1. Could you tell me whether any residue of the range 13-21 is of a type in the set (Gly, Ala, Ser) and assigned to a helix (DSSP H, G or I)?
2. Among the numbered conditions (1) modelled with pLDDT of 95 or more; (2) not assigned by TED's automatic domain parsing to the domain that holds Ala253, tell me where Gly8 comes up short.
3. Which numbered condition in (1) part of a loop (DSSP other than H, G, I, E, B); (2) within 16 Å of the ligand (Cβ to nearest atom); (3) open to solvent by 20 Å² or more (accessible area, probe 1.4 Å) is the only one that Glu306 fails?
4. Answer yes or no as to whether Glu148 is within 16 Å of the ligand (Cβ to nearest atom) and acidic (Asp, Glu).
5. Looking only at the range 16-34, filter to residues that are within 16 Å of the ligand (Cβ to nearest atom) and closer than 30 Å to Ala294 by Cβ; which one of those is most open to solvent (accessible area, probe 1.4 Å)?
6. Test each condition in (1) surrounded by fewer than 19 Cβ atoms within 10 Å (Cβ to Cβ); (2) more than 23 Å from Ala183 (Cα to Cα); (3) in contact with a His (Cβ under 7 Å, 6 or more places away or on another chain) for Ile6 and report the one that comes out false.
7. Considering the range 280-300 alone, what residues qualify as being surrounded by fewer than 17 Cβ atoms within 10 Å (Cβ to Cβ) and either in contact with a helix residue (DSSP H, G or I) (Cβ under 7 Å, 6 or more places away or on another chain) or in a strand (DSSP E or B) (or both)?
Amino acid sequence: MDRIRIVGGQRLNGTIPISGAKNAALPLMIASLLTRETLTLNNVPRVADVNLLSRILGNHGVDVTIAGKKSGQRTSDGQTFRLTATEIVDTTAPYEMVARMRASFWVLAPLVARCGRAKVSLPGGCAIGTRPVDLHLTTLEALGAEIELEGGYVIAKAPRGLTGNRVELSKVSVGATHNALMAAVLARGETLIENAAREPEVVDLGNCLIRMGARIEGLGTPTLWIQGRETLHSAEHTVLPDRIETGTYAMAAAMTGGDVMLDGARANLLQEALQILRSSGIEVEERPTGIRVARNGRGLQPVTVETRPFPGFPTDLQAQLIALMCMASGTSTVRETIFENRFMHVQELARLGARIELKGDTALVTGVSGLRGAQVMATDLRASVSLIIAGLAAQGETVIGRVYHLDRGFERIEDKLRQCGAHIERLTS
Ligand code: UD1
């Protein structure tokens, strides 16, 4: 199993290209199930979750091709995927696949919407709380599907197709909003989704569906209106930049006291997080081509933060912020309101010398004068990257195990950090 070795204490200086957002690429790829025609996606990141989803979609009959490199293209440029689901050959998503990646559960809605039936295993994914799927199921029921749970599978049937309806989500859920959108675009009549997620990745999916011929209004607001269509058609869409990767490298630069240009990053995708970094004393400059982040020698002030649905502070940056606040002069308060049990990084950070006290859903992080390298273990995708950025600032050697978590969502992380002066390498075994 691969590990990552870091010798910390180097400032990060240079340019980091920001990849396409994994969390947008996944639902966009799944949207290819909604049409017989080809969906072309540009700027798809090279991450393990994308490869796994390609295989899952292949089982359903989607022909996935990756376009060759064009002349002048850099390694940092994303890939172009062409996905064609002329015929759906299998409407079952087996346990072995879905258990490895929670987002693959989202094939449920497009399969039911297009084929009138689907059998999808209940999901696995990152071990960050119970993560139920009740909202996905009630949404499909509201649109006329009959749902049964049998042997760990969801069996959904709508032999006469789905019918538009008013759906109120009792909790803001990114995945349930993706699912509701993908069901509603092929349902008969109008659908109103209330309390929809406003995350940029939902807007990106909605914009792609519009390019495929869907009628959707209200993207980026809590109320979405959809007029269903009988069929959708081919389209080309470019995946938006990854706001979580952006925030992660911004914190890595701040953590090491460096100066980094995040090329291709879009500030409007993470204003709340950037504001918190500014309030902590970090220089954040929005430029036409990206975001520059610097902390040249200045100290870090502690912060008080709660994770919230967009436009609030993202839960996917909570672990990284806790790592950063280990270097602040004082005690920060970080409350996790989206997922229970999302503090697995805390005990690993403690191995590097962090002082963090957990009180229910809140972490009290007291800054220390310096972290020291140690052996640590990645526990989930975002937790593992918090250990990387802590390791970059720690004195001495840090070795991170179980880095397959990291490979699920971060493209070429060692290369990107090494190019900015980090001493980081992958130990393959
Ligand atoms: C997505 C992201 C994940 C991010 C999360 C919140 C992807 C691939 N993953 O996950 O990185 O951390 O959004 O921004 O895009 N919930 C229910 N019932 C449901 C569905 C969700 O109670 O049927 C709850 C969850 O347990 C959680 C909250 O709603 O407490 C938000 O979860 P949700 O937005 O659905 O997360 P995901 O879409 O799985």
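The values are calculated or read from the model by the stated rules, or taken from the named source; none is laboratory data. Predicted model, so just to flag it, every value in this text is computed and none were measured. We place every Cβ from the backbone using ideal geometry, glycine too, and count neighbours over all the protein chains shown. When the accessible area is computed, the model is the full protein with side chains, heavy atoms only, and any ligands, DNA or RNA have been set aside. Shrake-Rupley method; radii C 1.70, N 1.55, O 1.52, S 1.80 Å.
1. So far as the range 13-21 goes, no, none of its residues is of a type in the set (Gly, Ala, Ser) and assigned to a helix (DSSP H, G or I).
2. Here Gly8 clears every test but (2).
3. Among (1) part of a loop (DSSP other than H, G, I, E, B); (2) within 16 Å of the ligand (Cβ to nearest atom); (3) open to solvent by 20 Å² or more (accessible area, probe 1.4 Å), Glu306 violates only (1).
4. No: the conditions fail for Glu148.
5. Asn23
6. Failing condition for Ile6: (1).
7. Matches in the range 280-300: Glu283, Glu285, Glu286, Arg287.
Conditions (1) under 21 Å from Asp407 (Cα atoms); (2) out of contact with any strand residue (DSSP E or B) (no Cβ under 7 Å at 6 or more places or on another chain), marked per residue:
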| site | (1), (2) |
| --- | --- |
| Gln10 | no, no |
| Gly20 | yes, no |
| Leu39 | no, no |
| Val47 | yes, yes |
| Leu52 | yes, yes |
